[in-house]
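Notes follow the structure.
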Amino acid sequence: MGEQLGLLKVTVLQGKRLVIRDFKTSDPYVVVKLGNQTAKTKVINSCLNPVWNEELSFLLREPVGVLSLEVFDKDRFKADDKMGHAHLNLQPIASAARLKQFVKVSSGETVLRKVVPDTENCLARESSISCINGEVVQSVWLRLCAVESGEIELKIKLIDPSVASSR
């Protein structure tokens, strides 16, 4: 594995307009993967607009990869149903973190970069990568693929390895 770039804290905030996979609703949860690291949220029962607000942590290393997520409907007696998937290229937040080191931003909020939706990502709308009180943060809405509807909101924070090791 390559150089460690820091601790990636992914907060799965909420889902909107998720698809029905049970009789009238779904019991969604999210599985998030980065390389060989995997984490998942709790199940929210009977909800198409769930609020998880759960923080998941991953080690980010070179080469910077793609954060992928898959939404499932929890079923008791059969395999869980797929409710869509999405991915986010982490290169923009990694390069913004490098930029922050040169710009010397420490207090307040400074926008380092904007990322627009295109065919290479699952962004539902433009996303800003900011330095907020010394931390590099990206807020994103991802459109779920391979499904009729649904979006997931994430907040991604990249914590510098020197800071992460002192926590």
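The values are calculated or read from the model by the stated rules, or taken from the named source; none is laboratory data. Please read these numbers as outputs of a predicted model, since none were measured by experiment. Reconstructed Cβ throughout: ideal geometry from the backbone, glycine too, with neighbour counts over all protein chains shown. Ligands, DNA and RNA are excluded from the accessible area calculation, which covers all protein heavy atoms including side chains. Shrake-Rupley method; radii C 1.70, N 1.55, O 1.52, S 1.80 Å.
The criterion of at least 3 residues that are at pLDDT 95 or above and touching a strand residue (DSSP E or B) at 6+ places or on another chain (Cβ under 8 Å) is met by the following strands (runs of 3 or more DSSP E) wholly inside the range 9-117: 28-34, 37-40, 51-61, 66-73, 81-89. I'd like to check something: does the range 119-130 contain any residue that is in a strand (DSSP E or B), in contact (Cβ under 8 Å) with a residue 40 or more places away in the chain and of a type outside the set (A, V, I, L, M, F, W, C)? No, because not a single residue in the range 119-130 is in a strand (DSSP E or B), in contact (Cβ under 8 Å) with a residue 40 or more places away in the chain and of a type outside the set (A, V, I, L, M, F, W, C). Taking the conditions (1) at positive phi; (2) open to solvent by 10 Å² or more (accessible area, probe 1.4 Å) in turn, Arg61 satisfies each one other than (1).
In the set Lys33, Lys40, Lys100, Lys78, only one residue is surrounded by 15 or more Cβ atoms within 10 Å (Cβ to Cβ) and free of Cβ contacts under 8 Å to residues at least 24 places away in the same chain; that residue is Lys40. Figure legend. Inter-residue proximity from the range 138-152: first residues among the hydroxyl-bearing types (Ser, Thr, Tyr), second residues open to solvent by 10 Å² or more (accessible area, probe 1.4 Å), beta-carbon distance below 7 Å, spacing 6+ or different chains. Indicated pairs: Ser139/Ser128; Ser139/Lys155; Ser149/Arg17.
Results for (1) over 17 Å from Asn49 (Cβ atoms); (2) at pLDDT 95 or above, shown as yes or no for each residue.
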{"site": "Ser127", "(1), (2)": "yes, yes"}
{"site": "Asn133", "(1), (2)": "yes, no"}
{"site": "Trp141", "(1), (2)": "no, yes"}
{"site": "Val147", "(1), (2)": "no, yes"}
{"site": "Ile152", "(1), (2)": "no, yes"}
{"site": "Ser162", "(1), (2)": "yes, no"}
{"site": "Ser165", "(1), (2)": "yes, no"}
